[in-house]
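Nothing in this text is a laboratory measurement; each read-out follows from the coordinates by a stated rule. Note that the coordinates shown come from a computational prediction; the quantities given were computed from them, not determined experimentally. Cβ: placed from backbone, ideal geometry, glycine included. Neighbour counts: every protein chain shown.
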Amino acid sequence: MLIALKRFLLVFLILLVPLFSKPWGFFAHKRVNRVAVFTLPTELMSFYKEHLEYITEHAVDPDKRRYAIVEEAPRHYIDIDHYGEEPFEKVPRKWLEAIDKFTEDTLQAYGIVPWHVQRMYFRLVKAFEQKDKAYILKVSADIGHYIGDAHVPLHTTENYNGQLTNQKGIHGFWESRLPELFAEDYDYFVGKATFIRSPLDHIWDAVEDSHAAVDSVLDFERILTDHYPSDRKYGYEERGASTVKTYSRDFSAEYHEMMSGMVERRMRAAIITVGSFWYSAWVEAGKPKLEENIPPKDLQTLEEEQKELEAKFRSEAIKGREHDQ
Ligand SMILES: [Zn+2]
């Protein structure tokens, strides 16, 4: 009886834990925000460096917020192929024009990441103008996340988890499993942040580049799966107290190889874009000096907000669409 129960629990645990995945892995988001700090000019870098742990750890807040707020989910993606052939021709880049053409409900239903990045950018400029350092840090960490998501090919398609092509699990495979296995070897020297004249166009260009890679992401996985012994595609790994079914290391390595650096290129592009958005917001705000310490009261407010977020993240089911499994 006891053995049967144990076996049941084990199977249950394995089934319950999804194919190992967290959005653009928590790992990759943190890495993107952290490295972006080092693209900044010295004057600005010293402020961010002082709060390097904050910028790194809070790179994943927006994903946690998806457990607390129902409007959060569509901010992380845009299913651009919902709009048919040549979607980038059809969907106006400007929010109000896009609403006029498709209604806000439709835009929200299929994702709003480029517009949300623009909104965050405006907030960041304002935060710099007001020299509100706690808010600068919070918005910087957030915008880094959304920019990161915009660089992930599967954040730009309705087939975001391969669910339409019998490739379920590919979302977490590409953005979590691969970076966790291979991102230590990536080259993170991405150069210096530059001023972005049109943040909206810049982020749309990033979405276009991401979307151009969708076919390869899916096709290579399919080709490899067709040629791969099915019993070697997945393996089991210990993660803390649970055993998790995940893509095997060999399969992951071969897939990674086939894409010849795509994950690394998208991560590098995300890093320089994040740095350039921070830098541009600071320039646009008139390059305020930020040397004094953050007033303790502000930091306390941020921490309280964070505690609330953590509690929801741990206790509640995700609201809106599950984009990462
Ligand atoms: Zn996300």
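Note on the chain: with a GNM built from Cα contacts shorter than 10 Å, the maximum mean-square fluctuation among A98, A36, A206 falls on A98.
Counted by neighbouring Cβ atoms within 10 Å, the residues D105, D219 run from fewest to most as D105, D219.
Over its Cα atoms, what ratio of radius of gyration to 2.2 N^0.38 Å does segment 153-230 give? If you can, show how the numbers build up before the last one.
On the way: Rg = 15.5 Å, N = 78, 2.2 N^0.38 = 11.5 Å.
So the Cα radius of gyration is 1.34 times the expected 2.2 N^0.38 Å.
Sorting K192, K312 by the number of Cβ atoms found within 10 Å of their own Cβ, with the fewest placed first, yields K192, K312. Net charge in the neighbourhood of R268 (other residues with Cβ under 14 Å of its Cβ; Lys, Arg +1, Asp, Glu -1) is +1.
Sequentially through segment 245-252, phi angles give Karplus couplings (6.51, -1.76, 1.60; θ = phi - 60°) of 7, 8, 5, 5, 4, 5, 4, 4 Hz, Gly and Pro residues having no value and appearing as x. Note on segment 191-258: Cα convex hull, mean projected area over all directions, 7.7 nm².
For Y234, the residues whose modelled amide H falls within less than 5 Å of its own, excluding neighbours fewer than 5 places apart on the same chain, are S248. In this label model, E104 and T301 are separated by 2.5 nm, measuring between points 7 Å along each Cα→Cβ vector. Evaluate the distance, in nm, between pseudo-label points positioned 7 Å from the Cα of D215 and of E257 along their respective Cα→Cβ axes. Result for the modelled spin labels: 2.5 nm. Taking the fewest neighbouring Cβ atoms within 10 Å as the starting point, the ordered list for E57, E305 is E305, E57.
Every Cα-Cα pair of segment 26-147 was included, and the share exceeding 24 Å stands at 35 percent. Under 17 Å of direct C-alpha separation, and excluding same-chain neighbours fewer than eight residues apart, K245 reaches these lysines: K22, K168, K233. Taking every alpha-carbon pair within segment 79-191, the share separated by more than 19 Å comes to 60 percent.
Of the residues V91, V152, V263, which exhibits the maximal mean-square fluctuation in a Gaussian network model of the chain defined by a 10 Å Cα contact cut-off? Result for the chain, Cα springs under 10 Å: V91 fluctuates most. Pairs of lysine residues in segment 43-142 that meet both criteria, 8 or more places apart or on different chains and Cα atoms under 24 Å apart, total 10. Largest first, the extents of the alpha carbon coordinates of segment 129-261 on the three principal axes equal 58, 36, 29 Å. Over the chain, the ratio between the Cα radius of gyration and 2.2 N^0.38 Å evaluates to 1.03.
Backbone phi angles across segment 178-187, fed through the Karplus curve with coefficients 6.51, -1.76 and 1.60 (θ = phi - 60°), yield HN-Hα couplings of 5, x, 5, 7, 10, 5, 5, 8, 6, 8 Hz in residue order; Gly and Pro are listed as x.
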